[in-house]
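To keep things clear, I will list the structure first and then write my remarks on it.
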Amino acid sequence: MTSKPQGLIAKFDVKRLVPSSRGIDHTNCEYFVLDPRHDPMARQMLGEYALLADQIGEKLLAADLFQWLARLSREEAMSNGAHEPQSGE
């Protein structure tokens with residue numbers, strides 16, 4: 001079965017779990033969900049977001065995103081038959 005292009009559609013119902021630390025009212029905010037495990041464009045965009053976060057001083061967020069992307073890449077490589085490097089490799 002071939003999927004038909006759909007553009008931007010509402011697929012998820014997302015709610016905020018943690019209040020804004022900056023006191024911003026998020027009552028009518030809109031959110032965009034990415035799936036970096038299955039969507040290569042999502043990985044690329046998260047990488048760009050991490051770079052920007054690093055540039056503006058959000059070092060912990062940048063590090064967390066880079067670690068997440070690295071883990072996804074390792075998992076993908078493992079599922080494609082690669083092996084974990086042993087010490088000394």
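The values are calculated or read from the model by the stated rules, or taken from the named source; none is laboratory data. Keep in mind that what you see is a predicted model, and the values were worked out from it rather than measured. Note: ideal-geometry Cβ built from the backbone for every residue, glycine included; neighbour counts use all protein chains shown.
Remarks
- Residues of region 42-71 satisfying the condition of being within 11 Å of the chain's Cα centre (by Cα) and of a type in the set (Lys, Arg): ARG43
- The residue list GLY23, GLY57 contains one member that is of a type in the set (Gly, Ala, Ser), modelled with pLDDT under 95 and either out of contact with any helix residue (DSSP H, G or I) (no Cβ under 9 Å at 6 or more places or on another chain) or in a loop (DSSP other than H, G, I, E, B) (or both), which is GLY23.
- If you go through region 1-14 and keep only what is of a type outside the set (Phe, Trp, Tyr) and modelled with pLDDT of 85 or more, you end up with GLY7, LEU8, ILE9, ALA10, LYS11, ASP13, VAL14.
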